1. For segment 72-101, name all the residues that are open to solvent by 80 Å² or more (accessible area, probe 1.4 Å) and under 30 Å from the mean Cα position of the chain (by Cα).
2. Which of (1) part of a loop (DSSP other than H, G, I, E, B); (2) of a type outside the set (Gly, Ala, Ser); (3) open to solvent by 30 Å² or more (accessible area, probe 1.4 Å) is the odd one out, the single condition Trp148 does not satisfy?
3. Sort out for me the helices (runs of 4 or more DSSP H) sitting completely within segment 164-279 that have 3 or more residues that are out of contact with any Asp or Glu (no Cβ under 9 Å at 6 or more places or on another chain) and among the small types (Gly, Ala, Ser).
4. Scan segment 55-76 and tell me whether some residue there is modelled with pLDDT of 75 or more, in contact with a strand residue (DSSP E or B) (Cβ under 7 Å, 6 or more places away or on another chain) and of a type outside the set (Phe, Trp, Tyr).
5. Assuming Asn251 fulfils every condition listed in (1) in contact (Cβ under 8 Å) with a residue 60 or more places away in the chain; (2) open to solvent by 20 Å² or more (accessible area, probe 1.4 Å) apart from one, which condition is it?
6. Which one of the conditions (1) in contact with a Phe, Trp or Tyr (Cβ under 9 Å, 6 or more places away or on another chain); (2) of a type in the set (S, T, N, Q); (3) surrounded by fewer than 17 Cβ atoms within 10 Å (Cβ to Cβ); (4) within 17 Å of Val152 (Cβ to Cβ) does Ser301 fail to meet, given that it meets all the rest?
7. Considering only residues that are over 10 Å from Phe262 (Cβ atoms) and open to solvent by less than 30 Å² (accessible area, probe 1.4 Å), which ones fall in segment 306-329?
Amino acid sequence: MGDPGKLNSSSSELDLDRPNLEDYLPSGTSIQQEPQGKLRLRDLLDISPTLTEAAGAIIDDSFTRCFKSNPPEPWNWNVYLFPLWCFGVVVRYFILFPARVLVLTIGWIIFLSSFIPVHFLLKGHDKLRKNLERLLVELICCFFVASWTGVVKYHGPRPSMRPKQVFVANHTSMIDFIILEQMTAFAVIMQKHPGWVGLLQSTILESVGCIWFNRSEAKDREIVTKKLRDHVLGADNNPLLIFPEGTCVNNHYTVMFKKGAFELGCSVCPVAIKYNKIFVDAFWNSKKQSFTMHLLQLMTSWAVVCDVWYLEPQNIRPGETAIEFAERVRDIISVRAGLKMVPWDGYLKYSRPSPKHRERKQQSFAETMLRRLEEK
């Protein structure tokens, strides 16, 4: 027989690990006895440790599922399919991959042999230099897409250069920018990256007016906001592209849009991007995979297939706040791309939520669950 003292100790430890139900109820609400015969959700959670833990897990799961990549189901499970799978591996890694590396290498040779002279020898002819640099950036992006055997369908009118407009798109990977850039040389606002990507940002991409920021620098927000306002007013500037989610999402969901792009006093042009995962999952999980490995994954797949929709420009309505405007545009993009909207801030992917933010979400969750139970 076990020691009763040890059993009581284990039970106490389990109780300490168990989520506190009070954390999931609105402020000032306590668990009280309801009239006899009327069962509340809080009563069920109180008497069932399993339900209590499940209620706490729902909040975390609804957020983390936005950043999970679902692995493809294996299909080479029998003696007939396995040889075909092996043949596909040989074709992708030993035929397609070397050919794609050659295509990308040729692209870089053409690009650099043209960009360097244009950038340094035409400094006195700014307009001509900008036009040529814009065309060359579009060209190298075309080579990148070709190195994945990209099959991209563009729907809607091609973006034009005019002042007081900003383009916003859902964000799955950094290749979103490359796919859009091969059609139109956008000036994009993007997180500053290390390594060879950062080198490209600080040299080549700055030539098309791209704006960089660092999440760890609080003062960057004011600087970036001023640059955005100045950029959208310039008639000769490249169209401004913003990914208002602020992070890569797995192309099943859209997280909350940051309101900065919707406070510029200009037209907002939604862009919806949807990837077909039949050949490869284009989602880039930057916390688990470097961008170099992400590109290798794309270059060893059969193809990258996606659709891009340039949607009708939207303007803020009378009495509408920037947050409401952002949510309306997010809804338009989500409906067009077939994505689910979730009420989460994508920046929580990089940092733990504050107690106040957790309290708001927990309160909202508890109120919703109680309301649904009472309606039944």
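1. So in segment 72-101, the residues open to solvent by 80 Å² or more (accessible area, probe 1.4 Å) come out as 72-75, 77, 79-80, 82, 84-85, 87, 93-95.
Passing the criteria: Pro72, Glu73, Pro74, Trp75, Tyr93.
2. So Trp148 meets the others, but not (3).
3. On the way: elements: 175-181, 195-202, 220-233.
Those helices (runs of 4 or more DSSP H) span 195-202.
4. yes
5. (2)
6. Checking Ser301 against (1) in contact with a Phe, Trp or Tyr (Cβ under 9 Å, 6 or more places away or on another chain); (2) of a type in the set (S, T, N, Q); (3) surrounded by fewer than 17 Cβ atoms within 10 Å (Cβ to Cβ); (4) within 17 Å of Val152 (Cβ to Cβ), the one that fails is (3).
7. Those that are over 10 Å from Phe262 (Cβ atoms) and open to solvent by less than 30 Å² (accessible area, probe 1.4 Å): Cys306, Val308, Tyr310.
Every residue, every condition in (1) under 20 Å from the mean Cα position of the chain (by Cα); (2) in contact (Cβ under 8 Å) with a residue 24 or more places away in the chain; (3) over 18 Å from Leu104 (Cα atoms), yes or no:
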position	(1), (2), (3)
Leu139	no, yes, no
Val151	no, yes, no
Pro159	no, yes, yes
Val168	yes, yes, yes
Met174	yes, yes, no
Glu181	yes, yes, no
Phe186	yes, yes, yes
Ile189	yes, yes, yes
Val197	yes, yes, no
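The values are calculated or read from the model by the stated rules, or taken from the named source; none is laboratory data. Being a predicted model, the structure only gives us computed values, none of them experimental. When we count neighbours, we look across all protein chains shown, and the Cβ atoms used for this are built from the backbone with ideal geometry, even at glycine. Heads up: the accessible areas ignore ligands, DNA and RNA and are worked out on the full protein's heavy atoms, side chains in. Shrake-Rupley method; radii C 1.70, N 1.55, O 1.52, S 1.80 Å.
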